[in-house]
Amino acid sequence: MLKRLNLTAGIFLLVLVWHTTEAQVERWQQKVKYEMDVTMDVETNQYRGTQKLAYTNNSPDTLTRAFYHLYYNAFQPNSMMDVRSRTIADPDRRVGNRIFNLGPDEIGYVKVNVLTMDGQPTSFVHEETILEVDLPKPILPGQTVTFDMEFEAQVPLQIRRAGRDNAEGIRYSMAQWYPKMAAYDIRGWHANPYIGREFYGNFGDFDVKITIDKTYTLGGTGYLQNANEIGHGYEDAGVTVPAPQGSTLTWHFFAPDVHDFMWAADPNYTHEKVQMEDGPMVHFLYVKNDKTAENWSRLKGYTVDAIKFMSDNFGKYPYDQFSVVQGGDGGMEYPMSTLITGHRNMRSLAGVTIHELIHMWYYGVLGFNESSEPWLDEGFTTWGTNVVMDAVFEKDPNFIQDGNYRSYFRLAESGFEEPLTTHADHYDRNFAYGAGTYSKGAVFVEQLAYIMGKENFDKAMLRLWNDWQFKHPNGNDVIRIMEKVSDLELDWYLDYFVASTKTIDYGVKNVEAAGDNTKITLERVGQMPMPIDLVVTYQDGSQETIYLPLVIMRGSKPEEEGKPARLMTEKWPWTNYTKEVTLARPISDIQSVEIDPSLRLADINRANNKFEVSVALPQK
Ligand SMILES: [Zn+2]
């Protein structure tokens, strides 16, 4: 409780410093409060439990139905996830036909046996991965009701993200494991069946008790409430933990202000912790062997440096804990934690950990919707991964986002690109989802800095954090923040780059003498208009920028530090496919003219971006 008060006070101060005239944004959101008590049988891999959910309807709507996710039901032959995984044009090799081949003790399931609302029975049906519930009475705006549930489940053999006995032998990667109330927001219910893509949920508190064989060490989301009874490396220094009575331990976790709860368990985990100064306690849980020992030991320093860098530049990490847990099938973010596979070289291990860590800011705290706007979460995170890796792992002497641009260009040329507004599960190809949400998403972010100027962009990133944390901003909310900070109109950028697959291609068509002046003719070849930084290099090696903002931006970016000084600004109406600029210098002074040598403009054809004057001059 005290923690949250401090946090709020901190934000309030920052807001005061930055924009005293504007209030923070407010938007209603549903509130969830879970209390769960589950018992895991490590012989059968089955668990059963109870769930009490206090649900507050802060929407202006009266709700007559509700929906729970039952994710593990996806891991059964002929489920929607199975069919999709076997029939998509470019299958995910981790899944393929593996769900179809699961035996009865390998499938996953979650069955709800009893569900009441305020003590009255509800009527519900299991529709594969969604429980559809008719409420005994409507939930009115502003009302809080309590759902009480009994459920039983079986952990699937690990196929995708969660499950038991993953490829590296980790016993339990318990993500998507409990009946989870679907999110309800300004776009209504989000009762998406589990097909394979990622997640979205309303913020709330999770109080979770897990009873399991006493040899298992657990980690994940949430603060352990009974650390000195549990031990396993969680106990306070100097405390002697009493030997457990019986064969099990009951771990009691609490996680405030999160929208999901993950845990993992293995009898062979090594548990190490690092307490950051003015930062969280960072936990590392992994099975120590010759594939992990050295790199996981070095990983601690990189993780701490990355948390510090993110906190310094993009907003302070608001929880007291972050856990890096070996498990899952690659790297996946969960609140206050991540599941990653552990047998990796140092660059890969640091890279995946830092990537999932950065998700804490975008998926975790801002709460971007990974289902309907996956490009926001993966785009900002992928962009940030390169920024943070460059800062804490290894300096990249080249343009650090170059890989993302090249990946996006390949997508644009492939013919398989779909608009980033596509729902994550509904992309035709895995390739279009991956290159689109990760790479084009990252390009969206880097290119924003090009459009509005790096300094404005940096300010806007902090304002996004301060105004929207714990509130689920959408793409439009993000662009509105960028507009407010830059004083530019930017809706066109969202419309073209996110909602369409139109591409950018500008060229320098001609540079010719016009008396003592030089006439430069630019052309827009692509369908998407963009502001242009045109850099003129003179014969003496000096450079100047001709800046061509779009008329529809209703303004200009400020001059950017470290870029050639601005010579002039000329607005370019998007309706005009060519633009002539007259430079008050003779052509003999000019060596070359180039569109955006910083490479931040996602110009799909750079062959026509540079005009070498010396080449075009008549030979003497
Ligand atoms: Zn990611």
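Some notes on this structure:
- Whole-percent carbon and sulfur share, accessible surface of the chain, 1.4 Å: 49
- Student exercise, the range 303-424 dipole from Lys, Arg, Asp, Glu Cβ charges, in Debye to nearest 20: 320
- Using θ = phi - 60° in the Karplus curve 6.51 cos²θ - 1.76 cosθ + 1.60, the 3J(HN,Hα) couplings for the range 229-245 round to 8, 7, x, 6, x, 8, 5, 5, 4, x, 7, 9, 7, x, 5, x, 7 Hz; x is entered for Gly and Pro.
- Nearest-10 value in Å² for the accessible area of residue 414, using the 1.4 Å probe: 40
- Kirkwood Rh, angstrom, the chain [1 / mean 1/r, Cα pairs]: 26.4
- Helical contribution to [θ] at 222 nm, DSSP H n ≥ 4, -39,500 (n - 2.57), averaged over the chain, rounded to 500: -7000 deg cm²/dmol
- √(5λ) per eigenvalue of the Cα gyration tensor, the range 144-198, largest first, Å: 27, 16, 8
- Cα shape, the range 247-289, gyration tensor, a/c 1.5 rule: oblate
- Karplus-derived HN-Hα couplings along the range 141-154 (A = 6.51, B = -1.76, C = 1.60, θ = phi - 60°), whole Hz, x at Gly and Pro: x, x, 8, 10, 10, 10, 9, 10, 9, 10, 9, 9, 8, 10
- Residues with amide H under 5 Å from that of residue 171, placed H, sequence gap 5 or more: 165
- Directionally averaged projected area (convex hull, Cα atoms, the range 362-480), nm²: 7.6
- Relative contact order (%) - the chain, alpha-carbon pairs under 8 angstrom, separation at least six: 10
- Along the range 402-418 the Karplus relation, 6.51 cos²θ - 1.76 cosθ + 1.60 evaluated at θ = phi - 60°, assigns HN-Hα couplings of 4, x, 5, 5, 5, 5, 5, 4, 4, 4, 4, 7, 6, x, 9, 5, 10 Hz to successive residues, with x for each Gly and Pro.
- Cα long-axis angle, helix 441-452 against the chain (0 to 90 degrees, to the nearest 10): 40
- Per residue, the chain exposes 40 Å² of solvent-accessible protein surface, assessed with a 1.4 angstrom probe and all protein chains in place.
- Here residue 291 is the anchor, and the lysines within straight C-alpha reach of less than 30 Å, apart from those fewer than 8 places off in the same chain, are 214, 273, 300, 308, 395.
- The Cα atoms of the range 201-316 give a gyration tensor whose axes a ≥ b ≥ c have a/c of 1.5 or more with a/b no greater than b/c, which makes the shape oblate.
- Inter-label distance for residue 517 and residue 31, nm, one decimal - labels placed 7 Å from Cα along Cα-to-Cβ: 6.5
- Surface accessible to a 1.4 Å probe, residue 501 within the full protein complex, Å²: 60
- Rounded to the nearest 20 debye, the dipole size of the chain about its Cα centre is 340 debye, using +1 on the Cβ of Lys and Arg and -1 on the Cβ of Asp and Glu.
- The distance separating the Cα centre of the range 272-297 from that of the range 306-377 comes to 15 Å.
- Extension gain, residue 410 back to residue 398 (0.36 nm per residue minus Cα-Cα distance, nm): 2.4 nm
The values are calculated or read from the model by the stated rules, or taken from the named source; none is laboratory data. If you're wondering where the values come from, they're calculated on a predicted model, not measured in any experiment. Cβ coordinates were reconstructed from backbone atoms using ideal geometry, including for glycine residues, and neighbour counts include every protein chain displayed. These accessible areas exclude ligands, DNA and RNA; they are computed on the full protein's heavy atoms, side chains included. Shrake-Rupley method; radii C 1.70, N 1.55, O 1.52, S 1.80 Å.
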